1. Kindly provide the set of residues from segment 45-67 that are part of a helix (DSSP H, G or I) and closer than 19 Å to M173 by Cβ, ordered by number.
2. Output the qualifying pairs, or none if there are none: Cβ atoms under 7 angstrom, residues six or more apart or on different chains, first residue in segment 45-69 and closer than 11 Å to A106 by Cβ, second residue of a type outside the set (A, V, I, L, M, F, W, C) and crowded, with 18+ Cβ neighbours inside 10 Å.
3. From L42, L23, which residue is free of Cβ contacts under 8 Å to residues at least 40 places away in the same chain and either surrounded by 19 or more Cβ atoms within 10 Å (Cβ to Cβ) or farther than 18 Å from M173 by Cβ (or both)?
4. Kindly indicate whether T112 is among the β-branched types (V, I, T), over 26 Å from R34 (Cα atoms) and at pLDDT below 85.
5. So which residues in segment 1-23 are of a type in the set (A, V, I, L, M), at pLDDT 90 or above and more than 21 Å from S96 (Cα to Cα), if there are any at all?
6. Do you know which residues across segment 22-46 are within 16 Å of the chain's Cα centre (by Cα) and farther than 21 Å from R77 by Cβ?
7. Would you be able to say whether some residue in segment 45-54 is farther than 27 Å from H88 by Cβ, surrounded by fewer than 22 Cβ atoms within 10 Å (Cβ to Cβ) and not hydroxyl-bearing (S, T, Y)?
8. When both residues are 6+ apart or on different chains and their Cβ atoms are under 9 Å apart, which pairs have a first residue that lies in segment 83-108 and is in contact (Cβ under 8 Å) with a residue 12 or more places away in the chain, and a second that is in a loop (DSSP other than H, G, I, E, B) and among the aliphatic types (A, V, I, L, M)?
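The values are calculated or read from the model by the stated rules, or taken from the named source; none is laboratory data. Just so it is clear, the structure is predicted and the values come from calculations on it, not from any experiment. Here Cβ is always computed from backbone atoms with ideal geometry, including for glycine, and neighbour counts include all displayed protein chains.
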Amino acid sequence: MHGPAASGWLLVALCTATGAYCLLRLRSTVEEQRRAAVDEALMGFGMAAMAVPTAAYTPPTWAWPAFAVLFGAAALRALWAARGGARHLHHLVGASAMVYMAVAMAGTPNDTSGHGHGSTGLPLLTGLLLLYFSGYVLLGGVRLIPAPAVAGAPRAAGWGDRPELARACRLSMGIAMVAMLLTL
């Protein structure tokens, strides 16, 4: 993505850590948790790869169309899964936003300075995606406020079954998506 190199590397670190935690969530005993973890790990690592500053690495010309195809397939998978519940609609919006950013980046000349070129996307679509993800981040932040503990309530056993960590993971990816859309 376009933008200062320091913020790009921070996005890479955040998204890589998020993707790595999502891989840990694959050890969950709950099938729905594992399925969501696969989607979120793909998003985390894909966002990390797209956020690498161009000053450090200039992707080959085929990389952006490859990202578009990969996230297009993820969007189709999320669309298919959305038949069973609205939760997958967020994955559909996220994967579609990644397709949009990859297509916008494919039409942009390479810049080795690590700084932006200006606007490369459609302002209305970028604005709508920013509005959606900003709302998602604000709502996700409110959901992280701890509720009072209930005496005798069962505690999650492993890293894969910690809903508060999964929410924090989703929140960090939402923040990263806002940052990436701002640099578009």
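1. F45, G46, M47, A48, A49, M50, A51, F67
2. Close Cβ pairs (under 7 Å, with a partner that is of a type outside the set (A, V, I, L, M, F, W, C) and crowded, with 18+ Cβ neighbours inside 10 Å) amount to F67/G46.
3. Result: L42 is the single residue among L42, L23 that is free of Cβ contacts under 8 Å to residues at least 40 places away in the same chain and either surrounded by 19 or more Cβ atoms within 10 Å (Cβ to Cβ) or farther than 18 Å from M173 by Cβ (or both).
4. When the stated conditions are applied, T112 passes them.
5. L10, A13, A17, A20, L23
6. Those that are within 16 Å of the chain's Cα centre (by Cα) and farther than 21 Å from R77 by Cβ: none in segment 22-46.
7. Yes.
8. So the pair list comes out as Y100/L122; Y100/L184; M101/M1; M101/L184; A104/L122; A104/L184; M105/M1; M105/L184.
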